[in-house]
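The structure under discussion appears below in the form of structure tokens.
Coordinate-derived values only; no laboratory data. What you see is a predicted model, and the numbers here were worked out from it, not measured in a lab. Every residue, glycine as well, gets a Cβ built from its backbone with ideal geometry; the counts of neighbours run over all protein chains shown.
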Amino acid sequence: MAHEAATRPLTLSEQADELEEQMMHELNEKIATKSVLFNMGEGKVEMESGPALMAKNPGKYFLMGADPRLPKMPDKPQLIDFFKHRFASMNHLLQSATHALKGGHSEKVVLACLLHDIGVASFIRCDHGYWGAQLIEPYVDEEVSWSIRVHQALRFFPDESVGYGYPDMYVKYFGPDYRPEPYIVEEYKRARKHKHYMTARLICVNDIYSFDPNAKVNLDDFVDIIGRNFKQPKEGLGFDNTPSSHMWRTLMWPTRFL
Ligand SMILES: [Fe+2]
Ligand SMILES: [Fe+2]
């Protein structure tokens with residue numbers, strides 16, 4: 001029978017066991033945990049309890065630090081490190097910022113374009129403008145964070161004065177009958193009257209939806225603008241005791257038990 005087991009293809013459950021075994025190995029025998037949010041992404045409001053996970057993994061401790069399956073972060077991470085190691089894609093951000101730079105806009109506008117979708121790139125899609133703004137709020141001028149927050153709403157409303165129409169792509173993505181939620185409509189109305197309205201609007205204008213895979217964009221082009229306009233904490237993002245430090249730490253250690 002042992003011989004048969006060695007030569008026949010593995011059953012699905014054996015494959016799953018093997019994969020789990022392999023991941024454990026990579027984790028240095030630690031148990032990485034999935035938060036409820038990760039499971040909700042699979043349509044389940046669930047989490048495995050500590051005792052259940054311990055019972056499944058006898059003799060192992062929970063992961064309480066860096067997940068070795070993810071790219072290693074430096075001890076004092078800066079914004080650029082998150083770009084390189086925690087953003088699933090930076091192409092859209094770089095294209096948008098490059099467009100703003102070529103348009104001759106201010107450094108604050110360029111930075112706002114560079115960071116406008118970091119919520120999506122690193123964290124979560126729902127209400128990404130709000131999440132992204134919250135992440136950077138302690139480190140940038142209010143003009144930048146406020147604009148990123150409200151681009152969430154402005155995206156849905158045209159402004160002919162700058163040649164911005166409702167994106168064709170949204171008709172394709174959400175259907176012709178989609179209407180933004182009332183809280184988005186209210187946000188738009190408030191933003192309209194705000195002194196930084198045009199900065200937020202310029203995020204929309206430079207929000208490039210036609211991805212050109214051949215466009216030459218480079219994070220290096222923005223290192224100086226980041227240096228001048230993003231207050232990098234000397235302790236590293238996550239260790240500087242601001243209202244968003246915990247969010248940067250969560251991006252660093254998304255599978256920590258607590
Ligand atoms: Fe966005
Ligand atoms: Fe965008």
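Taking the Cα atoms of the stretch 175-248, the ratio Rg/Rh between the radius of gyration and the Kirkwood radius comes to 1.07.
Give me the extension gain from Asn57 to Leu70: residue separation times 0.36 nm, minus the current Cα-Cα distance, reported in nm with one decimal. Intermediate results must be reported in sequence, preceding the final value.
Numbers: separation 13, 0.36 × 13 = 4.68 nm, distance 2.11 nm.
Gain on stretching Asn57 to Leu70: 2.6 nm.
Dipole orientation for the chain: of the candidates Val140, Ala66, Phe239, Val140 has the Cα lying most toward the positive pole (charges on Cβ; Lys, Arg +1; Asp, Glu -1).
Show me the trypsin sites (Lys or Arg not before Pro) within the stretch 111-178 that DSSP assigns to loop and that have at most 14 other Cβ atoms within 10 Å of their Cβ.
On the way: sites: Arg125, Arg149, Arg155, Lys172; in loops: Arg125, Arg155.
Of the trypsin sites (Lys or Arg not before Pro), the ones in loops of the stretch 111-178 whose Cβ has at most 14 other Cβ atoms within 10 Å are Arg125.
When +1 charges are put on Lys and Arg Cβ atoms and -1 charges on Asp and Glu Cβ atoms, the dipole computed for the stretch 142-241 relative to its Cα centre reaches about 320 debye.
With a ≥ b ≥ c the root eigenvalues of the C-alpha gyration tensor of the stretch 210-254, is it rounded (a/c under 1.5), prolate (a/b larger than b/c) or oblate?
Values: a/c = 3.51, a/b = 1.73, b/c = 2.03.
Note, shape of the stretch 210-254 comes out oblate.
Distances between placed amide hydrogens fall under 5 Å for Tyr164 paired with Asp159, all partners being 5 or more residues away or on another chain. Across the stretch 178-192, coupling constants 3J(HN,Hα) worked out from phi with the 6.51/-1.76/1.60 Karplus curve, θ = phi - 60°, read 5, 10, x, 4, x, 5, 6, 4, 4, 4, 4, 4, 5, 4, 3 Hz, and Gly and Pro carry x. Across all directions, the shadow cast by the convex hull of the stretch 48-152 built on its C-alpha atoms averages 8.7 square nanometres. Taking only the alpha carbons of the stretch 109-205, we obtain Rg and Dmax values of 12.8, 39 Å in that order.
Which residue, Ser49, Ser145, Ser122, tops the fluctuation ranking in a GNM of the chain built on C-alpha contacts under 10 Å? Looking only at Ser49, Ser145, Ser122, the biggest GNM fluctuation is shown by Ser49. About its Cα centre, the dipole of the chain is roughly 640 debye, where the only charges are +1 on Lys and Arg Cβ and -1 on Asp and Glu Cβ. Built from the Cα atoms of the chain, the convex hull projects on average onto 18.9 nm², one quarter of its surface area.
Could you work out the relative contact order of the chain, using alpha carbon pairs under 8 angstrom and six or more residues apart, expressed as a whole percent?
Details: 280 pairs, mean separation 63.4, N = 258.
Reported as a whole number, the value is 25 percent.
Under the shape rule built on the C-alpha gyration tensor, where the axes satisfy a ≥ b ≥ c, the stretch 99-163 is oblate, since a/c reaches at least 1.5 while a/b does not exceed b/c.
So between Asn39 and Glu181, what do we pick up on full extension, going 0.36 nm a residue minus the alpha carbon distance?
Values: separation 142, 0.36 × 142 = 51.12 nm, distance 2.53 nm.
The span from Asn39 to Glu181 would gain 48.6 nm if fully extended.
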